[in-house]
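Everything below concerns the one structure shown next.
The values are calculated or read from the model by the stated rules, or taken from the named source; none is laboratory data. Worth saying up front: this structure is predicted, and the values here are computed from it rather than measured. So basically every Cβ, Gly included, is an ideal-geometry build from the backbone, and we count neighbours across all protein chains shown.
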């Protein structure tokens, strides 16, 4: 049924192409459509194929529903689904609890140290999630958590009051880690919000808190809702926190089942079961993507962003400045400072231990000096390749798609735009499992398994939706008159694109290029699923070291990377200070 | 005089017979060396702990011992489980394996053996101790791991140190005080010693203790921190590492049986350079190779006299997995994973 519908869609697109006459633009757009259909469709098709087979990649065999029956006839699958929904929902709630006030404070008020806070938020993205988790374990573990020990002593409690090892704990740690992404996604909406409503409220004598609750939350609600959907989709696909905090307490979520099916601790991988679990995840992704599109469209319908020029007035916080600063620095403490201090402390020790005079006597720089010995150059080279190749391919594809969608009259441009958005509905872990299956089963036609290129491909597909949303919004701001002037002057379409459009959108694209590069740097789920010895990257090295118990060594690596990131991000902030914050063009 | 003549002839005849027998014994090895020489190169898959330097040292010692000039390409392991799966998939499509000789744990080789993906060789013919040969002449044991419960000696009082596997079922360990790594095959191996019924009952009782779960390295880290008080199973490589770094993690010595998974070296079916692979597998059991393996990997074979593993195993009840137990261990590993909560029930 679906196949027939898909065929019908393809036929309609082809018919439109032919009826419209095949000019150069249509052929180019058609080629782009085919390319996107292949790179997005093939991994998804692989997930479908592997879910219908029981053997190993390459073994073939008849198609069967056995995997689906074994997975969905099992009552415990539904317990896992409930866990997944609770975890993702809690994660979104925690993220918004921090992100919305933060973005309001930084975009709409005169809070001090804005530039520093922006840099620290960006640095927060670069700290691997599980390294932060160590800090949380040291604080909130029922047995050794410092906070639990203090609270128990102060209040004379017999049982530890806080416990990290439950869904709330998982959602808290994961939610905090999503805050920078949510912040940068919401920043654009808050920055471009017409301040006249706030000003009217203040003029009418309404207080700052009430204005925040009645105006600053409701007006950008479509943007917040879109971010919620985005975060929820990400929340059901991530697996680091479920593996580190959930597994010790036997709390399983869908992503952990997919990962352990494709990467079992012992025995052979069971791609069929992974595919069957992925089916429900894919379905959830598609439904959420549908809502995401609807929410974004609703947002456009009710927007109060006007075309007239205005300069948003910053709200003077007055006596609220210090509570606001305390909130920001509380967040930065749990997101950046405490994890960094824990990393720094651990990196100096021969083995991980709580602070004490005895521990202090053992500190040295040995773990730093031995980084080249136990890491080697390959992960750094591969990560550098990722950080350059992924944003470059993503943004080149995005610019081309957006140019067709925004700037041409090609009849199927809407379909192309939708196709570019589809990867947003495919959870990263599923995309990676699909590509791994493709690489293993059909290596003669897809000889990328085990190379860094397969990770480049996975990341590019994954972020093409983000890239095209960015380039769409940037390109729509450039008036057509400039291109028309170019064409009237005799310039060809490619020349107009290269000489007029690209320079005008370059700043926004560069901003997104950096953002995608950073996301690619820290991404671990897909890289780990596609990981072999030859395509190891820094994020997988860190994950493997953690799994091997090499915490001090990996902490030293983490500290070096964070310091490096602070320097690079700080420099980029200076260079791009006139463009806007990194990631702002969402 | 006649007697003397007879004696001399007898002695000469005896020497000639012994010499010819000796030559006959060396002949298969000579043939293997000659065949390996023609291949000139081979792909060697081994744990990443060996490191490229360790592989280079092994290659140099190998070439010296057999007067060869073979080029060894070292392929460090990423995920052994996935790489074994990759070999199975490649074999299904008829593509030759990427590696000639694979050194992986016996769990990995058992999967290959069940799929008949070894290229067997009569290793005993070239002088290898039959004890080292497994999986229908498909593999040679290269090194042993030793598995026991482990604890933090600075945190756990001596009177609480477990003295037997059953001690871990004491209610005092309930509620996350025990830690269990993903290597549930350790417990499945215990079941081969105790019998399936007792083994399964034991694992169910352990599950009721609600141990903290995670990868073995994570359990080790939590043990160091004091988050878990006793790791139900811990490999000796972590104990060696702890000793080197001064971390207070030790095995609960005295508990028996000591579980001993092994690293096997096996040449893969349709390997492009099988003779070098077989010869190198033989070489890995020599004292020279064992010394290099210990230097980099930290483990040696309990079946090669004089090695640290050999000395450790003396006088202890050590549990090795026999070939006919592979299927049972494979099945119970998955079942115990479910019972303990690593995967859904």
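If only one of A:156, A:246, A:205 is within 14 Å of chain B (Cβ to nearest Cβ), out of contact with any strand residue (DSSP E or B) (no Cβ under 8 Å at 6 or more places or on another chain) and more than 23 Å from residue A:294 (Cα to Cα), which one is it?
A:246
It is to be established whether one or more residues within the stretch B:250-270 are under 17 Å from the mean Cα position of the chain (by Cα) and surrounded by fewer than 17 Cβ atoms within 10 Å (Cβ to Cβ). No, the conditions are met nowhere in the stretch B:250-270. When we screen A:572, A:576, A:528 for residues that are assigned by TED's automatic domain parsing to the domain that holds residue A:447 and modelled with pLDDT of 75 or more, the only hit is A:528. Taking the stretch A:320-340 as the range and being more than 17 Å from residue A:114 (Cα to Cα) and crowded, with 19+ Cβ neighbours inside 10 Å as the test, the residues that pass are A:334, A:339, A:340. None of B:302, B:281 is part of a loop (DSSP other than H, G, I, E, B) and crowded, with 22+ Cβ neighbours inside 10 Å except B:302. Scanning the stretch B:302-340 for residues that are in contact with a helix residue (DSSP H, G or I) (Cβ under 6 Å, 6 or more places away or on another chain) and more than 14 Å from chain A (Cβ to nearest Cβ) yields a total of 6.
One residue stands out in the stretch A:518-535 among those that are crowded, with 24+ Cβ neighbours inside 10 Å and in a loop (DSSP other than H, G, I, E, B): the one that is nearest to the other protein chains (Cβ to nearest Cβ), namely A:531.
Of the residues contained in the stretch A:166-180, one or more are found to be within 14 Å of another protein chain (Cβ to nearest Cβ) and surrounded by fewer than 16 Cβ atoms within 10 Å (Cβ to Cβ).
Do we have any residue at all in the stretch B:164-181 that's under 21 Å from residue B:107 (Cα atoms), under 25 Å from the mean Cα position of the chain (by Cα) and touching a residue at least 12 places away in the same chain (Cβ under 8 Å)? Within the stretch B:164-181, one or more residues are under 21 Å from residue B:107 (Cα atoms), under 25 Å from the mean Cα position of the chain (by Cα) and touching a residue at least 12 places away in the same chain (Cβ under 8 Å). Residues in the stretch B:237-249 that are under 19 Å from the mean Cα position of the chain (by Cα) and facing chain A (nearest Cβ under 9 Å) were compared, and the one that is surrounded by the fewest Cβ atoms within 10 Å (Cβ to Cβ) is B:241.
Checking the stated criteria, residue A:261 turns out to be in contact (Cβ under 8 Å) with a residue 12 or more places away in the chain, surrounded by fewer than 24 Cβ atoms within 10 Å (Cβ to Cβ) and not in a loop (DSSP other than H, G, I, E, B). Considering every residue within the stretch B:271-279, establish whether at least one is outside the structural domain of residue B:189 (by TED's automatic domain parsing), within 20 Å of residue B:29 (Cα to Cα), modelled with pLDDT of 95 or more and under 13 Å from the mean Cα position of the chain (by Cα). Looking for residues that are outside the structural domain of residue B:189 (by TED's automatic domain parsing), within 20 Å of residue B:29 (Cα to Cα), modelled with pLDDT of 95 or more and under 13 Å from the mean Cα position of the chain (by Cα), one finds none in the stretch B:271-279, hence no. Cβ separations smaller than 6 Å between residues 6+ apart or across chains give no pair from the stretch B:53-75 residues that are closer than 15 Å to residue B:285 by Cα and within 14 Å of chain A (Cβ to nearest Cβ) to residues that are surrounded by 19 or more Cβ atoms within 10 Å (Cβ to Cβ) and modelled with pLDDT of 90 or more.
The criterion of being within 12 Å of another protein chain (Cβ to nearest Cβ), out of contact with any strand residue (DSSP E or B) (no Cβ under 6 Å at 6 or more places or on another chain) and surrounded by fewer than 19 Cβ atoms within 10 Å (Cβ to Cβ) holds for residue A:146. Applying the selection to the stretch B:169-189, what residues are surrounded by 22 or more Cβ atoms within 10 Å (Cβ to Cβ) and farther than 22 Å from residue A:244 by Cβ? Within the stretch B:169-189, B:185, B:187, B:188, B:189 meet the criteria.
Any residue in the stretch A:37-49 that is modelled with pLDDT of 85 or more sitting within a Cβ distance under 7 Å of a residue that is outside any helix (DSSP H, G or I)? List the pairs, counting only those 6 or more apart or interchain. Pairs found: A:44/A:426.
Quick check on residue B:222: is it part of a helix (DSSP H, G or I) and free of Cβ contacts under 8 Å to residues at least 60 places away in the same chain? Criteria met by residue B:222. Every condition in (1) surrounded by fewer than 19 Cβ atoms within 10 Å (Cβ to Cβ); (2) closer than 24 Å to residue A:283 by Cα holds for residue A:116 except the one numbered (2).
Each row is one residue, and each column tells you yes or no for (1) touching a strand residue (DSSP E or B) at 6+ places or on another chain (Cβ under 7 Å); (2) over 21 Å from residue B:198 (Cα atoms).
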site: B:239; (1), (2): yes, yes
site: B:242; (1), (2): yes, yes
site: B:289; (1), (2): no, yes
site: B:294; (1), (2): no, yes
site: B:297; (1), (2): yes, yes
site: B:322; (1), (2): no, no
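If only residues of the stretch B:191-218 that are at the interface with another protein chain (Cβ under 8 Å from one of its Cβ atoms) and part of a helix (DSSP H, G or I) are counted, the one that is surrounded by the fewest Cβ atoms within 10 Å (Cβ to Cβ) is B:217. Scan the stretch A:201-224 and tell me whether some residue there is under 16 Å from the mean Cα position of the chain (by Cα), buried (at least 21 other Cβ atoms within 10 Å of the Cβ) and not in a helix (DSSP H, G or I). No.
Taking the stretch A:54-84 as the range and being crowded, with 16+ Cβ neighbours inside 10 Å and under 23 Å from residue A:170 (Cβ atoms) as the test, the residues that pass are A:71, A:77, A:80, A:81, A:83, A:84. Checking the structure you have, find out if any residue of the stretch A:476-499 is in contact (Cβ under 8 Å) with a residue 24 or more places away in the chain, under 27 Å from the mean Cα position of the chain (by Cα), surrounded by fewer than 23 Cβ atoms within 10 Å (Cβ to Cβ) and part of a helix (DSSP H, G or I). Looking for residues that are in contact (Cβ under 8 Å) with a residue 24 or more places away in the chain, under 27 Å from the mean Cα position of the chain (by Cα), surrounded by fewer than 23 Cβ atoms within 10 Å (Cβ to Cβ) and part of a helix (DSSP H, G or I), one finds none in the stretch A:476-499, hence no.
In the condition set (1) within 14 Å of chain B (Cβ to nearest Cβ); (2) within 21 Å of residue A:540 (Cβ to Cβ); (3) out of contact with any helix residue (DSSP H, G or I) (no Cβ under 7 Å at 6 or more places or on another chain), residue A:438 is compliant with all but (3).
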